[in-house]
1. Considering only residues that are at pLDDT 95 or above, touching a Lys or Arg at 6+ places or on another chain (Cβ under 8 Å) and polar (S, T, N, Q), which ones fall in the stretch 97-143?
2. Is it the case, given these coordinates, that I123 is under 10 Å from the mean Cα position of the chain (by Cα) and either assigned by TED's automatic domain parsing to the domain that holds G65 or over 17 Å from T44 (Cα atoms) (or both)?
3. Would you check which residues across the stretch 71-110 are touching a Pro at 6+ places or on another chain (Cβ under 6 Å) and over 16 Å from T39 (Cα atoms) and list them?
4. Inside the stretch 90-115, can you point out the residues that are part of a loop (DSSP other than H, G, I, E, B) and in contact (Cβ under 8 Å) with a residue 24 or more places away in the chain?
5. Would you point out which residue out of Q120, Q95 is within 19 Å of A147 (Cα to Cα), surrounded by fewer than 14 Cβ atoms within 10 Å (Cβ to Cβ) and not basic (K, R)?
6. Output the residues belonging to the stretch 10-55 that are modelled with pLDDT of 80 or more and either closer than 15 Å to A147 by Cβ or outside the structural domain of F94 (by TED's automatic domain parsing) (or both).
7. Go through the residues of the stretch 64-73 one by one and say whether even a single one is under 15 Å from L132 (Cβ atoms), in contact with an Asp or Glu (Cβ under 6 Å, 6 or more places away or on another chain) and modelled with pLDDT of 80 or more.
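The values are calculated or read from the model by the stated rules, or taken from the named source; none is laboratory data. Note that the coordinates shown come from a computational prediction; the quantities given were computed from them, not determined experimentally. Virtual Cβ from ideal backbone geometry, glycine too; neighbours counted across all protein chains shown.
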Amino acid sequence: MKLRSRIWLATAALTAATVVWSLNEGMAADKAAIDPTGTWKVTTFNLQTNSKTGSEETLKLKLEGGKLSGTITHRSNSNGKEIIRESPIKETKFQGGEISFTVSHPPHVGAGPDVTKSYQGKISGEVIKGKLESEWSGATIARNWEAKRVKD
């Protein structure tokens, strides 16, 4: 009788361990399956008021061979003239749904040194949410940002 109990207990423990391992493997596969490739509409928000700031931007991402690349396009108006500026993303990182990159471009209005923006975020389904820091002439402005995948 004791032998049967031990065999049953060992079988139950092995079954439980297999179930836990399978669940962990499935979750890891889900994270590995996240692919940021595509077009995203980016909106930025004020940290304190959570109100929309600036104009919408278009982020195009491509994940190939484990490397992330892409561009971000910004539209603005200056003296009644629409300005469209596309900039490559740099210093890219993508792992387990976490994404970060930087973008540098001339100021939208006036002259001066380039503006550098550092994006950090997490992809959840068809949305990326995170923090953005813009640096220009020694001043840094922090914002929240959100990107929604554009369906093709």
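1. S100, T102, Q120
2. On the way: under 10 Å from the mean Cα position of the chain (by Cα): yes; either assigned by TED's automatic domain parsing to the domain that holds G65 or over 17 Å from T44 (Cα atoms) (or both): yes.
Yes; evaluated as a whole, the condition is true for this residue.
3. Selection gives nothing.
4. G96, G97, P107, H108, V109, G112, P113
5. Working: Q120 fails: surrounded by fewer than 14 Cβ atoms within 10 Å (Cβ to Cβ).
Just one listed residue meets the conditions, Q95.
6. I34, D35, P36, T37, G38, T39, W40, K41, V42, T43, T44, F45, listed by residue number.
7. Looking through the stretch 64-73, at least one residue is under 15 Å from L132 (Cβ atoms), in contact with an Asp or Glu (Cβ under 6 Å, 6 or more places away or on another chain) and modelled with pLDDT of 80 or more.
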